[in-house]
Each structure stands twice: as structure tokens, then as C-alpha cells.
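Engineer: Quick one: this structure, given as C-alpha cells, is what I'll be asking you about.
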Amino acid sequence: MKLIIENPGSLTTVQDLGRWGSQALGMPVSGAMDCGALIRGNILLNNPDNSAALEITMTGPAVKFSGEGAIAITGADLQPELNGKKIENWKVFEIKTGDILTFKGISNPPRGLRSYLCVSGGIDVPVIMGSRSTYIKAKTGGFKGRKLMKGDELQTGPESNYKAGKICPENLRPDYSNAPLRTISGPQDDYIKPEGIKTFFETEYKLSPSSDRMGSRFESEIKIEHVKGADIISDAIPLGAVQIPGNGLPIVMMADRQTTGGYVKIGVVHSLDIARLSQFLPGSPVRFTKITQEEGIELSKLEAEKIKLLRNEVSKSENITGAMNITVNGKKYYVTWGKIE
Amino acid sequence: MSEKIEAKILPAGETCMFVDFGEKIDMKINGYVQALKKALSENPFEGLRELVPTYRSLSIYFDPLVIDLNALRSRLYDEVEKLSENTEKAGSIEIHVPVFFGGEFGPDLQDVCEHTKLSEDEVINRYCNSELYCFMNGFTPGFPYLGGMDKSLETPRLKNPREFIPSNSVAIGGAQAGAYSIASPGGWRIIGRVPYDLYDPEREPSVAIQAGMWVCFYPVDMKRYKEIEAGIKSGEYKIEYKQRGAEK
């Protein structure tokens, strides 16, 4: 299958799960901002989890297809239309030559900022340092190291064994609530005054419009105070690290974050909530809440469980006609049933 | 008998742990970082994702679904215990890097002069005569973090980081020296610019200033700057690598 970009949209890039393994050279990880959405799209299409897709921001592209295959759109609801007819997210649609996919853009009320156009076989661009992700600032990876432009033509990889109509059930989709961002304290929370820690966890921040794929900035009247200044001898910056520079306002480090940096890090937001944050519109109210590293790992295990259930759901036999969650003696079960005859 | 090595094992999110040897730019501390990195790469644990060495800490990225947190912590404590005083040896390569200082290429040179109470010439002179050692690459592809800058040049970073700094800008950030290898946001004080790309994915080596190299900046005027700029394109100018200690 081939994708022809008739209109690029505001920021459409090729992304997979990121360029891991070269941070020691200073190469950022990049990758999808909402990895949970990308993985689910790939599972629906029976692609490898790490297959590349188009990350679509705010205003969608117009894509014309050539050849046969399938798509699944996940993440934000940017109101996709196939040949002028509304289609849903989280569902596999078959594609034939001449089909045109467009997006009406952010919904009202908004349901996210970034959509993933996953395609059967994945987007096939050269693998650079183990990844197809675009890192625009260093003109590395993706399609010619840049965001897509009108006229670009992208090939997909070898067709996957997809099944049209497959759906990711609502209970297995990522959580897109506006609950506080779960944050693990450290590595430098002791560089912040106790009142500053209190401020961080008690303030309602406003997501700044200058946020991008590198970092989410926040606005507030109340500043966080350091014990002895904001500068440290530079060390590494994991995904979700919350830097507190001299102005006392947090910056949460996102997919295109630099590998190392020299501002105090008060904590690290859980990767599931980084995905959630990446879907907030500028101006959204944001709070942070404290969790332990152990609690964070439990959250990752729950997500892995959801992914496993989706995998089973997609590969399960066809006679299953319904599913629901039930609670028995306080334990949650996912129950499916099917017609015998 | 060797002294006990102090290290803190710190949480950095649900997929990362820092082993921190102390907040100093110090060849010995960096040696521990490199030695721990070596130990873990030679004998990796299941679930190890990536190791990122910095000045003073090693970041260990791991898959929390594969390795148990307690098992990881005790492995790291064990490795720190086993570290000997043998640090990795400093490199023997020296890179000589031309810089046009001040003017529109060095918008913060004046601020550095005011903060350090030194003249422009004196700042340039002390910067170029510092024994700069590249402790790590980080931040963006190819950004060299340089220790060993003349202490009198220390200037704090900007309170509000700039959203755009042109590539190849030479800078001071607190006690560190460095150079923006690609255009990016940043908070360091910009004092000059190098006439060629410090990061060029098409070139071998793609990263000009690498961890383990000694770095000597030297001032050039605009005429020479333009010559080198043209020379790197035509292939006449080659990046100036030398053996440390060889005649200049």
C-alpha cells in the first residue's frame, strides 16, 4: 500500500516506539507521544507493536491511498472521514486504491490532540539507529528527517494478516481522563524546599501553548523555590522528568526531550500519564499527584495486562459475540461469551 | 586499601534508576561512572534497556515487567561495592576548534564579562586556555559537555531558557563549557560560534567532539571563519584532531 499526502496537516510525522540505545551519543529517543495509542493500533492490525505510524497533530492530513490494505486510527478523536464518510477510531477499516482519508480536526468538546494513523504493514521508512521515528531537530529518521509535506509518498511494509472490523473495546483503551499526573519523586526532590514540593503537588497549573514534542511547559503565579539554585551538574533526563528551572515553573520532558540536562528534577511523571498529557490542549488545567516507584511499576503491569487482553481479543475466535467486566467478591473479571449454534 | 566509594541509588521514574557518585565535575567520579557502565554492559541483567553515562551518574533504563525492583537495587549495590579505584583512562586525542567569539554569534559574551568582571579578550583567552575535557555527549546529538573550564569564567545559566539557539554555538553553563551541536532551546550563555557542523549525520565521524577527547578552542576572525566555512564544504578544511602532547 502507498500513502500519498495531499495535504500535510499542521504537524504529521512518522513515529514508532522510539530510538532506544543511542542516548549515550546524545541522540534523543523520540517516538510516539502516546505510545499506548500506537501499540493498540498496531495490535488491531496484527502488526508488530513497534511498527511505524503517522502521528497527526491537531489538524489532520489528507491522505490518498494506492493499493490495498487496512488502517486503524487511535489516540485523539480528530474526526476522521474516509471518502467523506465519518469513521470511528479504534477500529480496522479496509482500504482500496483511490480511497481518501481526511480529518475535520479537534472535536468539540475536545477529545485529544494527537491521532495515530496506523497502517497494515507499518510505514516503511529507513531504520536509523534502530528506529523509524522522526527527530525533526536533528533532521534524523522518519520521512527525510522532517514533518510530512504535500506530495510526499510513503510506502508501507509487507502486509499484515489483519481482519476488517476489529475493534479495541472501550475498557481496553488508554485512560484519557484529566486526573492528576501520577509522579514519582526524585532523583533531585531534595534540591527543592519542602514548601516547593507542597506547591508542586497542590497547585493547579495551566498547560502553556509553548509546549511541544520536547517538553510540556506550565503556567502559574506560584513559583517553586530551590534549596540552592536550579542548576545541577548535568545528568540524564528520562521520559516524564519534571525539571524546575530558575523561574520556578515545571517543564515535563516529552518524547523529543534532550538526553541530559542541567536543571533540578523534582520527579518523573509515569509514562502512562505522559501519554495522557500529550493529548491535553494548551490551557488545560493540570495537577500532579505523588506515587512511589513501586506503585508506578504496578501501573505498568496493569497496562501490560490490558495490552495482553487486547491481543487475545484481536486473535480470538469469531464466534465470541459479547464481552463485559464483572466484579465477583471484589475481584474484576473480563468475561466473553459466544453463540454455540 | 582503597577508600569506600560513596554512591546513591535514586529513583527516576518507573523505568529508570540513577547511580549517582556525587555532584562534581571530576575525573575520578567520571571514572566510576564509566567503570560501572562497563561492568553492567559486560554482564547485563535481563530487562536492561539502556545505559546512559553522564558526568557523575549512570542512568540505568530497565523494563519493570522483566526485572524486580529489589533485585535491581541489590545488583546495583553489589556492582558499586565491587568498583575498584581503577578509573577509565582519559583519552589521548585533542581536537582544536576554531571559534568566532562575540558579536551576533556570541550574544551573551557581554553578560559573561559583566558577571566575571573580566574584559572580552580576557574571557576569550581564559576560555581557550582552559584544559577542557569532554566528559559526555548528551542533551542533543553530539553536544559535548566539557569540564575543566577556568573557574573565573563560571556564569549561571539563563533564568528563562531561550527557545532557539543556532547550531554550533559555543557556550558557558555554570561551571561547564559546551557547544550546541544542533539548533535547540537552551539556557547556556552563548559566547561564540564554530564555522562547521558539530553534528552531521552524513559525516564520519558524525559527532565532532566526543566523550574522552581533550578540547582546545581558538579564536578566529570573520575572514578566517568564512574561509573555514567554505573549506569544510569543499573538503579543504579537515577537523583538527591531534595526539595530545604532540607539537601544535
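Engineer: Taking residue A:274 as meeting all but one of (1) within 10 Å of another protein chain (Cβ to nearest Cβ); (2) part of a loop (DSSP other than H, G, I, E, B); (3) farther than 21 Å from residue B:163 by Cα, write down the number of the exception.
Structural biologist: Failing condition for residue A:274: (2).
The rows are residues; the columns are (1) out of contact with any Cys (no Cβ under 7 Å at 6 or more places or on another chain); (2) closer than 27 Å to residue A:226 by Cβ.
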site: B:158; (1), (2): yes, yes
site: B:188; (1), (2): yes, yes
site: B:192; (1), (2): yes, no
site: B:199; (1), (2): yes, no
site: B:212; (1), (2): no, no
site: B:231; (1), (2): yes, no
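Engineer: Only one residue in A:71, A:4 is surrounded by fewer than 20 Cβ atoms within 10 Å (Cβ to Cβ), of a type in the set (A, V, I, L, M, F, W, C) and not in a helix (DSSP H, G or I), so which one is that?
Structural biologist: On the way: A:71 fails: surrounded by fewer than 20 Cβ atoms within 10 Å (Cβ to Cβ).
One residue alone meets the criteria, A:4.
Engineer: Looking only at residues in region B:154-168 that are out of contact with any Phe, Trp or Tyr (no Cβ under 8 Å at 6 or more places or on another chain) and surrounded by 20 or more Cβ atoms within 10 Å (Cβ to Cβ), which one is nearest to the other protein chains (Cβ to nearest Cβ)?
Structural biologist: B:161
Engineer: Restricting to region B:153-175, give me the number of residues that are among the polar types (S, T, N, Q) and out of contact with any Asp or Glu (no Cβ under 9 Å at 6 or more places or on another chain). Steps first, please.
Structural biologist: As a first pass, look at region B:153-175 and keep what is among the polar types (S, T, N, Q): B:155, B:160, B:167-169.
Checking which are out of contact with any Asp or Glu (no Cβ under 9 Å at 6 or more places or on another chain) leaves us with B:160, B:169.
Residues flagged as among the polar types (S, T, N, Q) and out of contact with any Asp or Glu (no Cβ under 9 Å at 6 or more places or on another chain) within region B:153-175 amount to 2.
Engineer: Would you confirm whether any residue within region A:220-229 is buried (at least 17 other Cβ atoms within 10 Å of the Cβ), at pLDDT 95 or above and touching a Gly at 6+ places or on another chain (Cβ under 6 Å)?
Structural biologist: yes
Engineer: Which ones in region A:24-56 are assigned to a helix (DSSP H, G or I), within 13 Å of another protein chain (Cβ to nearest Cβ) and in contact with a Lys or Arg (Cβ under 9 Å, 6 or more places away or on another chain)? Steps first, answer last, please.
Structural biologist: The first filter runs over region A:24-56 and keeps only residues assigned to a helix (DSSP H, G or I), leaving A:24-25, A:35-44.
Still in the list and also within 13 Å of another protein chain (Cβ to nearest Cβ): A:24-25, A:35.
Across region A:24-56, the qualifying residue is only A:24.
Engineer: I would also like to ask the following. Can you name the residue in region A:106-130 that is out of contact with any strand residue (DSSP E or B) (no Cβ under 9 Å at 6 or more places or on another chain) and not charged (D, E, K, R) and, of all such residues, is surrounded by the most Cβ atoms within 10 Å (Cβ to Cβ)?
Structural biologist: Narrowing region A:106-130 to residues out of contact with any strand residue (DSSP E or B) (no Cβ under 9 Å at 6 or more places or on another chain): A:106-111, A:126-127, A:130.
Next, from what is left, pick out any that are not charged (D, E, K, R): A:106-110, A:126-127, A:130.
Working: A:106: 19, A:107: 12, A:108: 8, A:109: 5, A:110: 15, A:126: 9, A:127: 13, A:130: 14.
Here the residue is A:106.
Engineer: Just to be sure, is residue B:38 within 22 Å of the chain's Cα centre (by Cα), more than 9 Å from chain A (Cβ to nearest Cβ) and surrounded by fewer than 17 Cβ atoms within 10 Å (Cβ to Cβ)?
Structural biologist: On the way: within 22 Å of the chain's Cα centre (by Cα): yes; more than 9 Å from chain A (Cβ to nearest Cβ): yes; surrounded by fewer than 17 Cβ atoms within 10 Å (Cβ to Cβ): yes.
In short, yes.
Engineer: Out of (1) without any contact (Cβ under 8 Å) to a residue 60 or more places away in the chain; (2) within 13 Å of chain A (Cβ to nearest Cβ), what's the single condition that is false for residue B:151?
Structural biologist: Against the list (1) without any contact (Cβ under 8 Å) to a residue 60 or more places away in the chain; (2) within 13 Å of chain A (Cβ to nearest Cβ), residue B:151 comes up short only on (2).
Engineer: Grab the strands (runs of 3 or more DSSP E) fully contained in region A:195-269, keeping just those with 3 or more residues being away from every other protein chain (no Cβ under 13 Å) and of a type outside the set (Asp, Glu). Walk me through it before giving the result.
Structural biologist: Working: elements: A:205-207, A:215-219, A:231-236, A:241-244, A:251-253, A:260-269.
Strands (runs of 3 or more DSSP E) meeting the threshold: A:205-207.
Engineer: For region B:96-108, check the following and say yes or no: at least one residue is assigned to a loop (DSSP other than H, G, I, E, B), touching a strand residue (DSSP E or B) at 6+ places or on another chain (Cβ under 7 Å) and of a type in the set (Gly, Ala, Ser). Working first, answer last.
Structural biologist: Filtering region B:96-108 for residues assigned to a loop (DSSP other than H, G, I, E, B) gives B:102, B:106-108.
Narrowing further to those that are touching a strand residue (DSSP E or B) at 6+ places or on another chain (Cβ under 7 Å): B:102, B:106-108.
Filter once more, keeping what is of a type in the set (Gly, Ala, Ser): B:102, B:106.
Yes.
Engineer: Still on this structure: Go through region B:174-187 and give me each residue that's at pLDDT below 95 and not polar (S, T, N, Q).
Structural biologist: Hits for region B:174-187 are B:174, B:175, B:182, B:183, B:185, B:186, B:187.
Engineer: Considering only residues of region B:176-197 that are of a type in the set (A, V, I, L, M, F, W, C), crowded, with 18+ Cβ neighbours inside 10 Å and more than 17 Å from residue A:22 (Cα to Cα), which is nearest to the other protein chains (Cβ to nearest Cβ)?
Structural biologist: Our first condition is that a residue be of a type in the set (A, V, I, L, M, F, W, C); within region B:176-197, this holds for B:177, B:179, B:182-183, B:188, B:190-191, B:194.
Narrowing further to those that are crowded, with 18+ Cβ neighbours inside 10 Å: B:177, B:179, B:182, B:188, B:190-191, B:194.
Right, trim to more than 17 Å from residue A:22 (Cα to Cα) and you get B:177, B:179, B:188, B:190-191, B:194.
Numbers: B:177: 12, B:179: 12, B:188: 8, B:190: 15, B:191: 17, B:194: 16 Å.
For region B:176-197, the residue satisfying everything is B:188.
Engineer: Could you tell me how many of the residues in region B:1-14 are crowded, with 20+ Cβ neighbours inside 10 Å and touching a Lys or Arg at 6+ places or on another chain (Cβ under 7 Å)? Please lay out each step first, then the result.
Structural biologist: At the first step, the residues of region B:1-14 found to be crowded, with 20+ Cβ neighbours inside 10 Å are B:7, B:10-14.
When the remaining residues are screened for being touching a Lys or Arg at 6+ places or on another chain (Cβ under 7 Å), the result is none.
Of the residues in region B:1-14, 0 are crowded, with 20+ Cβ neighbours inside 10 Å and touching a Lys or Arg at 6+ places or on another chain (Cβ under 7 Å).
Engineer: Within 14 Å of chain A (Cβ to nearest Cβ) and of a type in the set (Asp, Glu): does that describe residue B:50?
Structural biologist: yes
Engineer: So, one more: Output the residue which, of all residues in region A:286-323 that are assigned to a loop (DSSP other than H, G, I, E, B) and touching a residue at least 40 places away in the same chain (Cβ under 8 Å), is farthest from the other protein chains (Cβ to nearest Cβ).
Structural biologist: First, the residues of region A:286-323 that are assigned to a loop (DSSP other than H, G, I, E, B): A:287, A:292, A:316-319.
Filter again for touching a residue at least 40 places away in the same chain (Cβ under 8 Å), leaving A:287, A:292.
Numbers: A:287: 18, A:292: 8 Å.
Among them, the one singled out is A:287.
Engineer: For region A:259-285, what are the residues that are more than 16 Å from the chain's Cα centre (by Cα), surrounded by 24 or more Cβ atoms within 10 Å (Cβ to Cβ) and in contact (Cβ under 8 Å) with a residue 40 or more places away in the chain?
Structural biologist: Selection gives A:259, A:260, A:264, A:265, A:266, A:267, A:268.
Engineer: List the strands (runs of 3 or more DSSP E) that sit entirely inside region A:94-184 and contain at least 1 residues that are within 27 Å of residue A:238 (Cα to Cα) and either of a type in the set (S, T, N, Q) or touching a residue at least 12 places away in the same chain (Cβ under 8 Å) (or both).
Structural biologist: Per the criteria, A:114-119.
Engineer: Now for a separate question. Select from region B:160-186 the residues that are touching a residue at least 24 places away in the same chain (Cβ under 8 Å), farther than 23 Å from residue B:225 by Cβ and over 16 Å from the mean Cα position of the chain (by Cα) and list them in ascending order.
Structural biologist: Within region B:160-186, B:160, B:161, B:185 meet the criteria.
Engineer: As an exercise: evaluate residue B:86 against (1) modelled with pLDDT under 90; (2) in contact with a Gly (Cβ under 7 Å, 6 or more places away or on another chain); (3) more than 23 Å from residue B:229 (Cβ to Cβ) and give the number of the one condition it does not meet.
Structural biologist: All conditions pass for residue B:86, except number (2).
Engineer: Looking at this structure, is residue B:131 at pLDDT 95 or above and either in contact with a Leu (Cβ under 7 Å, 6 or more places away or on another chain) or surrounded by fewer than 22 Cβ atoms within 10 Å (Cβ to Cβ) (or both)? Even if it seems obvious, please write down each step before you answer.
Structural biologist: Numbers: at pLDDT 95 or above: no; either in contact with a Leu (Cβ under 7 Å, 6 or more places away or on another chain) or surrounded by fewer than 22 Cβ atoms within 10 Å (Cβ to Cβ) (or both): yes.
No: the conditions fail for residue B:131.
Engineer: Go through (1) within 11 Å of chain A (Cβ to nearest Cβ); (2) closer than 22 Å to residue B:96 by Cβ; (3) small (Gly, Ala, Ser) one by one and return the number of the condition residue B:171 breaks.
Structural biologist: (1)
Engineer: Answer with yes or no whether residue A:162 is farther than 23 Å from residue A:297 by Cβ, away from every other protein chain (no Cβ under 12 Å), touching a Leu at 6+ places or on another chain (Cβ under 7 Å) and crowded, with 18+ Cβ neighbours inside 10 Å. Don't jump to the end; show me each part of the working.
Structural biologist: On the way: farther than 23 Å from residue A:297 by Cβ: yes; away from every other protein chain (no Cβ under 12 Å): yes; touching a Leu at 6+ places or on another chain (Cβ under 7 Å): yes; crowded, with 18+ Cβ neighbours inside 10 Å: yes.
It is true that residue A:162 is farther than 23 Å from residue A:297 by Cβ, away from every other protein chain (no Cβ under 12 Å), touching a Leu at 6+ places or on another chain (Cβ under 7 Å) and crowded, with 18+ Cβ neighbours inside 10 Å.
Engineer: I've got another one for you. Since residue B:232 meets every condition but one in (1) β-branched (Val, Ile, Thr); (2) more than 12 Å from every other protein chain (Cβ to nearest Cβ); (3) crowded, with 17+ Cβ neighbours inside 10 Å; (4) in contact (Cβ under 8 Å) with a residue 40 or more places away in the chain, which condition does it not meet?
Structural biologist: Just one mismatch for residue B:232, condition (4).
Engineer: Here's another thing I want to ask about it. Name the strands (runs of 3 or more DSSP E) wholly inside region B:144-248 in which the number of residues that are within 17 Å of residue B:55 (Cβ to Cβ) and of a type outside the set (Asp, Glu) is 3 or more.
Structural biologist: Of the strands (runs of 3 or more DSSP E) lying wholly inside region B:144-248, those with at least 3 residues that are within 17 Å of residue B:55 (Cβ to Cβ) and of a type outside the set (Asp, Glu) span B:144-147, B:169-173, B:176-180.
The values are calculated or read from the model by the stated rules, or taken from the named source; none is laboratory data. Note that the structure is predicted; figures quoted are calculated from it, not measured. Note: ideal-geometry Cβ built from the backbone for every residue, glycine included; neighbour counts use all protein chains shown.
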